[in-house]
1. Cβ contacts < 8 Å: first residue at pLDDT 95 or above, restricted to the stretch 125-136; second residue of a type in the set (K, R) and more than 10 Å from the ligand (Cβ to nearest atom), any location; separation 6+ or different chain. Result?
2. Picking from D106, D122, which residue would you name as being touching an Asp or Glu at 6+ places or on another chain (Cβ under 9 Å) and within 30 Å of T30 (Cβ to Cβ)?
3. Go over the candidates F214, F178, F198 one by one and state the one that is more than 23 Å from C129 (Cα to Cα) and of a type in the set (F, W, Y).
4. For the stretch 263-280, enumerate the residues that are closer than 21 Å to C160 by Cα and either modelled with pLDDT under 55 or surrounded by 18 or more Cβ atoms within 10 Å (Cβ to Cβ) (or both).
5. When you look at A243, is it of a type in the set (G, A, S), in contact (Cβ under 8 Å) with a residue 60 or more places away in the chain, more than 16 Å from the ligand (Cβ to nearest atom) and buried (at least 24 other Cβ atoms within 10 Å of the Cβ), yes or no?
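The values are calculated or read from the model by the stated rules, or taken from the named source; none is laboratory data. None of the values given here were measured: they were computed from a predicted structure. Don't worry about glycine lacking a Cβ; one is built from the backbone with ideal geometry, like all the others, and counts go over all protein chains shown.
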Amino acid sequence: MFEPKISAANATATPDWQRYLVAQDWHRFTQADHRTWDRLNERQVRLLDGRIVSPFLAGWKRLGLYEPGIPELERLSDRLEAATGWRCVSVAGIVPDAEFFAMLSDKRFPVGNFIRDGRHLDYLEEPDCFHDIFGHVPLIAYQPMARLMEAMGNLGMAACAAGHGDIISRLYWYTVEFGLVRERGQTRILGAGLASSFGEARRSLEDDVPRPLFTVEEAAATPYENDHFQPMYFVSSALDDVAAELEALDPDALSRLAAYRPIKKPAAAAPSDSTNDSAT
Ligand SMILES: [Fe+2]
């Protein structure tokens, strides 16, 4: 089990995110690592067809993620930058909140420089490059989502500085990581934690779990736990709408949301199989 990248608040005045960067060192990946990527990529694309918001698969194609093997970040970043101005950066693991939000604010998305053990495809101790690239990056190639991510970065930095980092972490969690969204009359996957998870992608759409309508106020006041499948999933009315709504939040909204208390208790833990592939 692992902590999310945006867990406990740890703000600094000027977050120096660059000190968390490491070389991807792509040539270090073995043939077995690349085969693990290929198996995950193929399995997940097949599963997501008809279950994920349309811009995701459009981004997956635009970024060339159908190509075999773990992507080289510089090449992937060149394609992503041409789409939305974002680039991926390589990190060794979890980045503290303030620096994580600062990365987003500068249109940089951190990608773990490792991949899971291919003998246990569904087990993750912390987010790996499959979660980070496959789960997140296709939608960052979609302009409304890219703007939402940048807004989360700006708000996250302000929130951490004001001692409200948990509020932005929750909004991020219930949209970017584990959100669902309506599209053409269907409920579809939005979040990267769902998009990159074989078990939870199905569960989020098909199991008997609560799927309340997403509102900023409710999501901001609902704690989450990251060590098991989620017990509920917020559903946004439309991807472009939730992106615009989150982009429009400002520091005044943070104060308003901080006052929207008491915070609820976490929902009851949901059973999961012996693995945990929920990830941030
Ligand atoms: Fe993530």
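1. As it stands, the answer is D128/R116; F130/R116, since those pairs meet every condition given.
2. D122
3. Answer to the check: F214.
4. T280
5. Considered against the rule, which asks whether it is of a type in the set (G, A, S), in contact (Cβ under 8 Å) with a residue 60 or more places away in the chain, more than 16 Å from the ligand (Cβ to nearest atom) and buried (at least 24 other Cβ atoms within 10 Å of the Cβ), A243 comes out as yes.
Each row is one residue, and each column tells you yes or no for (1) under 22 Å from A248 (Cβ atoms); (2) free of Cβ contacts under 8 Å to residues at least 24 places away in the same chain; (3) within 15 Å of the ligand (Cβ to nearest atom).
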position: Y172; (1), (2), (3): yes, no, yes
position: G193; (1), (2), (3): no, no, yes
position: R202; (1), (2), (3): no, no, no
position: H228; (1), (2), (3): no, no, no
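For (1) under 23 Å from A92 (Cα atoms); (2) away from the ligand (no atom under 15 Å from the Cβ); (3) surrounded by fewer than 22 Cβ atoms within 10 Å (Cβ to Cβ), each residue gets a yes or a no:
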residue: E126; (1), (2), (3): yes, no, yes
residue: L139; (1), (2), (3): yes, no, no
residue: P144; (1), (2), (3): no, yes, yes
residue: A162; (1), (2), (3): no, yes, yes
